[in-house]
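The values are calculated or read from the model by the stated rules, or taken from the named source; none is laboratory data. Predicted model, so just to flag it, every value in this text is computed and none were measured. Cβ placement follows ideal geometry from the backbone for every residue including glycine, while neighbour counts extend to all protein chains displayed.
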Amino acid sequence: MLKPLNRIVQKLGVKTLYYLFIAVNLIPSLFLVFTEPYNMPGKVALLLFPIGVLLILLSLLKRAGLVKLFLLPLFFFHAFQLVVFSLFKEDVVAVDMFLNLTTTNASEANELLSSILAPTILACLIYIVTIILVIAEFRARKYYTKSFLKTNLIVGFILTVVSFTLFPVSKDYNTEEFDLHTNIYPINVLYNMGFAINKMGKIIDYSKTSGNFSFQASRDASKSENDIYILVVGETSRADNWGIYGYERQTTPNLSNDSNLIVFRDALTQSNTTHKSVSIILSPASAQNYDQIYSQKGILAAFDEAGFETIFLSNQARNSSFIEYFGDQAHHTEYYRDNESTKNHYDEVLLERIKYYVDAANKPTFIVVHTYGSHFNYGERYPSEFAKFQPDHFSAIEVANRDRMVNAYDNSILYTDHILHEITTILNQSNKSSAMLYLSDHGEDIMDDRRNRFLHASPNPTYYQLRIPFIVWFSPKYQNTHTQKVELVKANKNKPVSSNMVFPTLLDIANIETPFLEKDLSLANSAFTLQERMYLDDHDDPIHYTKTNLKEEDKAMLLKRRISKY
Ligand SMILES: [Zn+2]
């Protein structure tokens, strides 16, 4: 094994290997030149900077291969970056992708990775061959000549200086800015990793930083009537595939016939990732003030303070995020999916538990239900009797299979319609004053246009990831006793709404009072005012949803579906 490798090193020579190493490191940058929305100086800087720095670093030590050994960890980022390319066709590894490495459960990762196997293997192959060559070169004890190193050092220095002088005239058309830590690979990816580690630390410290928090929530005792409120958080369900949202297929036959339902036709999420979106849904935090999440508690704690029995039922796995922390603030917390077993439960596993708690309720009760909804792999989300749209089996994620993928996805919506109908049936049968609010955490791309984008949680959202179903259901009894609130919710149904409105709206519906209820955000309040709809970006800053690098295809859909610019 070693001898042939030595021969390859001899034959190529240390100088060729020197430049080959730089070339291999430039593969991601070459992709980015084509994908990133930079002006010409920005694109030039994107290439010159890594070339310059690599020339300098590789010229620091005479022994061939030694500096390269220290730089090998970069290959982890390159491989990760190439996987991101094959998934999203643009962008660098984001903060959320580093966090998802720790929050995504094993079966989820397998589902994902198997669908992008070919490009992943190719990328890994290139880097593995390079790693072997670097080790062989180091063991061969070869040395660069002084003049070779000196020339490259000078060239490297000049290229680095030139790239820095380009910065002031460089521009990222998205942000209208340009700087090293957001625009130059791999500096931006290293920065994102640092950001992710820092954020992970804050998440781990959450119990300490939020321990003394109180909503100071209360409720008028005269309004306590053993009422029941259920918040259902959907997964990866996009409004465009819902019958009640105008889809040509009838995927929501039950909800379409429910006169107690109020449909918000123009609803957007504040994040396209589960852990951020659901955290916002379950708390007073929003894109506008996301950092307050570290010092506050969630919606279950607010209902608890107001005297409610609180229950959190989840068909997702625990993932050490705020979803888990907020869920644990309930009196009863139950999970039906775990990281160890690959056992797949349909969302109906939650129904009998909901029925149990509704039937047992002898005081005001609040239930949060976290479903698995339409999460990939779609075909595994519904039992066979809901496989109405056929064929729904596909082995590979490719354009040729798009119709089958959409069939499976639509079947999962059909099943969601059934689940929601069953929940309202349970509430109806209880004969209590009750309400249910359902929304999805984000949408999904299913190769909808020539971009052939797939899944969600990409660094930049698309129209299909942003637009979500958002519905409110009131029992006849609630409608009789809260005419005004129901009328207010109805009056707002065509207004532009956002996922951060769930917290104030639900508290308002349940007559809970707390200084943390922002009435202008409550859809059940006369103080409700139209809000600029913000999106939580990768560095946890708010940006208006129209500034999220939406493409022509997205803008066309926003126009077609008459989504407000608010
Ligand atoms: Zn999700």
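Restricting the first member to the stretch 521-534 and to residues that are touching a residue at least 24 places away in the same chain (Cβ under 8 Å), and the second to residues that are among the basic types (K, R) and surrounded by 12 or more Cβ atoms within 10 Å (Cβ to Cβ), the beta-carbon pairs closer than 7 Å and six or more apart or on different chains are A524/K485; N525/K519; L530/K495. Pairs linking a residue in the stretch 7-18 that is surrounded by 11 or more Cβ atoms within 10 Å (Cβ to Cβ) to a residue that is charged (D, E, K, R), with Cβ atoms under 6 Å and 6 or more positions apart or on different chains, are V9/E137; V14/K142; L17/E137. Exactly one residue among E235, E225 is within 16 Å of the ligand (Cβ to nearest atom) and among the acidic types (D, E), and that residue is E235.
Restricting the first member to the stretch 428-442 and to residues that are of a type in the set (F, W, Y), and the second to residues that are within 16 Å of the ligand (Cβ to nearest atom), the beta-carbon pairs closer than 6 Å and six or more apart or on different chains are Y438/V232.
Out of curiosity, is D304 on the phi < 0 side of the Ramachandran plot, among the charged types (D, E, K, R) and not in a loop (DSSP other than H, G, I, E, B)? Judged against the criteria, D304 is a match.
From the set of residues in the stretch 250-303 that are over 21 Å from H442 (Cβ atoms) and of a type in the set (S, T, Y), which is farthest from the ligand (Cβ to nearest atom)? Checked the stretch 250-303; the qualifying residue farthest from the ligand (Cβ to nearest atom) is S259. Within 16 Å of the ligand (Cβ to nearest atom) and out of contact with any Ser or Thr (no Cβ under 9 Å at 6 or more places or on another chain): is that true of R318 in this structure? Yes, satisfied.
Does D541 qualify as being surrounded by fewer than 19 Cβ atoms within 10 Å (Cβ to Cβ) and acidic (D, E)? Criteria met by D541. Quick check: is even one residue across the stretch 398-409 away from the ligand (no atom under 16 Å from the Cβ), over 30 Å from V83 (Cα atoms) and assigned to a helix (DSSP H, G or I)? No; the residues of the stretch 398-409 include none that is away from the ligand (no atom under 16 Å from the Cβ), over 30 Å from V83 (Cα atoms) and assigned to a helix (DSSP H, G or I). Scanning the stretch 315-344 for residues that are at pLDDT below 90 and more than 23 Å from I293 (Cα to Cα), which turns out surrounded by the most Cβ atoms within 10 Å (Cβ to Cβ)? Here the residue is R337.
For the stretch 489-504, give me each residue that is in contact with a Phe, Trp or Tyr (Cβ under 9 Å, 6 or more places away or on another chain) and surrounded by 20 or more Cβ atoms within 10 Å (Cβ to Cβ). Those that are in contact with a Phe, Trp or Tyr (Cβ under 9 Å, 6 or more places away or on another chain) and surrounded by 20 or more Cβ atoms within 10 Å (Cβ to Cβ): V489, N492, V497, S498, S499, M501, V502, F503, P504. Consider the stretch 452-495 and keep the residues that are assigned to a strand (DSSP E or B) and within 16 Å of the ligand (Cβ to nearest atom). The one that is farthest from the chain's Cα centre (by Cα) is F470. Taking the conditions (1) surrounded by fewer than 19 Cβ atoms within 10 Å (Cβ to Cβ); (2) closer than 30 Å to F516 by Cβ in turn, T165 satisfies each one other than (2).
Could you tell me whether E385 is charged (D, E, K, R) and either under 27 Å from I228 (Cβ atoms) or within 16 Å of the ligand (Cβ to nearest atom) (or both)? No. Which of the residues spanning the stretch 418-447 are under 22 Å from N272 (Cα atoms), more than 16 Å from the ligand (Cβ to nearest atom) and at pLDDT 95 or above? Within the stretch 418-447, L437 is the sole residue that qualifies.
Residues that are within 18 Å of G327 (Cβ to Cβ) and modelled with pLDDT under 95 within the stretch 207-219 comprise S207, G211, listed in sequence order.
Selection of the stretch 304-352 for residues being among the hydroxyl-bearing types (S, T, Y) and closer than 19 Å to L420 by Cβ yields S314, Y336, Y346.
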